[in-house]
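Down below is the structure, laid out as structure tokens.
Bear in mind these aren't lab numbers, they're just calculated from the coordinates by the rules spelled out. This structure is a prediction, so every number in the text was calculated from the model and none was measured. Methodologically, a virtual Cβ is constructed for each residue, glycine included, from the backbone with ideal geometry; neighbour enumeration extends over all protein chains shown.
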Amino acid sequence: MRFTDEFIDRLRDSNDIESVIAGYVDLRRRGKTLTGLCPFHNEKTPSFTVYPETSSYYCFGCGAGGDVVTFVRNIENLDYVEAIKFLADRAGIKMPDDKFDDTAANLRRRIYSANREAARFFHETLFSENGKAQLDYLRRRNVPMKMIKHFGLGAAPDDWHALENHLKAKGFNRDELVAANLLRFSEKNGKRYYYDAFRAKVMYPVIDLRGNVVAFGGRVLDNSKPKYINTSDTLVYKKSNELFALNFAKNGNDRKLILCEGYMDVIALHAAGFENAVAGLGTALTPEQVSLISRYADEVALCYDSDEAGQKAVKAALSLFAKTGVRVKVIRLQGGKDPDEIIRVHGKEMFAKLLNSADNDTEYKLSVIRSKYDVETSDGKVNFLREAANFLATTDSLERDVYAMKLADELGVSKEAMMQQIKQASRREYYKKTKSEFSNVQKQAQDMEKKVDPQRVKNMRAAKAEDIILITLLNNAAFYKKLKDRLNKDIFVTPVNKQILNVLTARLDSDESTDISHLSQFLTSEQTSAVARLLAKQSLVSNTLKECEDCITVLEEEKIKRETPTPSQMSDDSFLAFFNSFNKDE
């Protein structure tokens, strides 16, 4: 579906980019722009910039950029039309009545509807004869009826086709149910055999931040493996991007979250009054989940099992959160293997005590280092303090001072000696970190450019000339008529810039607006990000007709170079003719 410029203008004016993005990112004003931590990758130093004057945003760290529609597309995982509808609903604007063919959007809506109906089916089954075993399981786990209804828990019956038959009776077809991963199939002798994805399971619906049922987790009733069967990625769900119960936990949490390992831990904590608990979805914590948490929390308490796997998960989580501004605490579980058991055996007061006494990330890492040494011996004490100094060298100056004094007092050494050791380690760490960060930034930038626009890296002189032409045309539509005869699209090398030029010149030929909000419906998210990058760099361009003409000359020269074969590429006859051309006058 194509939207009129008038509709896009109204949508943009009613959804100020600053206010929309501020709902997801903590923005700080810096002159005419606003900055914040990018919601699309983990970072400690803000590189995400919003430009109200051009209604655009751009991240100098990961290259994400675009207009308000692009932002909603990426942050809410929607396609273009769905993002338009999201913003229209937000502003109370009626969508155009034009009919359009949007197969993907229609399938998404059908998947949402099928998931919602499946959740109803599972919940109702829980209270029927077919769900007796699952309800007994939940009762044995002391899950209150209030929580069963709050989380919409359910039961998948011990039947290969119960859900399929129910949903087909509601008007859904097999293709839709397979797309939702509610139905699976096997193939034998060229024939497909369909069956319910979940059978004889306790069902945990996964609900996104907009209240849509997007997936399910199903737990077996015995000790068979695998313990959980989870929805695979679909058009509406990516398990690496979602968190269980965040739809509840994000409300009234004082910007603090408790991150657990599983569904039952979360449910037990919510039942005990800790309604800010969330959990991952059957995978290790991902950068996307950490980024999502940082949108709703300034502090997160890690509540992982105390076994080896749990502590490994803590280490990985600390590494991911270290790239954000989120404060991290680590709860040391005592009196039970998980929050559910602790609360059942010792009560919610015990968990509250553990939460309040949780180590911050520095204390936790120091305790892990200490556990490796016998500090009652001289060698153990020296080796511990040496490794602790190396670690403290990576922290800020205030933490260094506090923990240097604390360790010195605990182990009977002078604070001066401890600080000297930290200072030496800090020097080494600074050079190592600076070199590593510079290398990483370069690599990330190169990897991103290679992925999005591989020709750009190979043709940097031409790409820079293309950038200048596009920036100038975006700011000076009147130049187009003067450049049009020379602006042959064949002289552009990079596919992304070439597509931007095609869209840009088509609108200039029709005397239509070239604002990013008007261009974005004709471009992919990556191409729109490239437009945002150009707008972010516009202050570096002189915006003159002469500069544009010079850049066109550069592109014409580069085109001749590309089309002129080198001697090694010539046939014998061509090379002989080429050689003889240099000897005509002799």
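Here are the numbers for the structure shown:
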| read-out | value |
| --- | --- |
| Cα convex hull volume per residue for the chain (Å³) | 264 Å³ |
| Coarse-grained scattering of the range 109-164 at q = 0.17, 0.29 Å⁻¹, given as base-10 log I(q)/I(0) from a Debye sum over alpha-carbon atoms | -0.55, -1.16 |
| Given charges at beta-carbon only (K, R positive; D, E negative), |dipole| of the chain in Debye | 1180 debye |
| Diffusion coefficient, µm² s⁻¹, Stokes-Einstein with Kirkwood Rh over alpha-carbon pairs of the range 167-227 at 10 °C and 1.306 mPa s | 118 µm²/s |
| Integer Hz, Karplus 6.51/-1.76/1.60 couplings in order for the range 24-35, x for Gly and Pro | 10, 10, 7, 9, 10, 6, 9, x, 8, 10, 10, 10 |
| Cα Rg over Rh - the range 299-411, Kirkwood | 1.00 |
| Local net charge near residue 375, Cβ-Cβ under 9 Å (Lys/Arg +1, Asp/Glu -1) | -1 |
| Relative contact order of the range 455-567, defined on C-alpha pairs under 8 angstrom at six or more residues apart (%) | 40 percent |
| ³J(HN,Hα), Karplus 6.51/-1.76/1.60, whole Hz, each residue of the range 480-489, x for Gly, Pro | 4, 4, 7, 9, 3, 5, 8, 7, 6, 4 |
| Zero-based 5 Å bins, Cα pair distances in the range 246-366, whole percents | 2, 12, 24, 27, 22, 11, 2, 0 |
| Angstrom value of the Kirkwood radius, inverse mean 1/r, which spans all Cα pairs in the range 104-237 | 15.1 Å |
| Sorted peptide list for 354-367, 145-158, 179-192, criterion being average Cβ within 10 angstrom, highest first | 145-158, 354-367, 179-192 |
| For the chain, calculated [θ]222 nm from helices alone, where every DSSP H run of n ≥ 4 adds -39500 (n - 2.57) | -16000 deg cm²/dmol |
| The chain: angle of helix 397-411 to the longest principal axis, Cα-based, in degrees nearest 10 | 30 degrees |
| Residue order, fewest to most beta carbons within 10 Å, for 283, 528 | 283, 528 |
| Net charge of neighbours whose Cβ lies under 12 Å from the Cβ of residue 265, counting Lys and Arg as +1 and Asp and Glu as -1 | -2 |
| Nearest-ten-degree value, helix 495-509 long axis tilted from longest Cα axis of the chain | 60 degrees |
| Burial ranking of peptide ranges 195-205, 534-544, 109-119, 251-261 (average Cβ count within 10 Å, highest at the top) | 195-205, 109-119, 251-261, 534-544 |
| Entries of 132/225; 44/315; 458/481 with Cα pairs more than 27 Å apart | 458/481 |
| Environment charge at residue 6 (Cβ cut-off 12 Å; Lys +1, Arg +1, Asp -1, Glu -1) | -2 |
| Computed over the range 245-393: relative contact order in percent, which uses C-alpha pairs under 8 Å that are six or more apart | 19 percent |
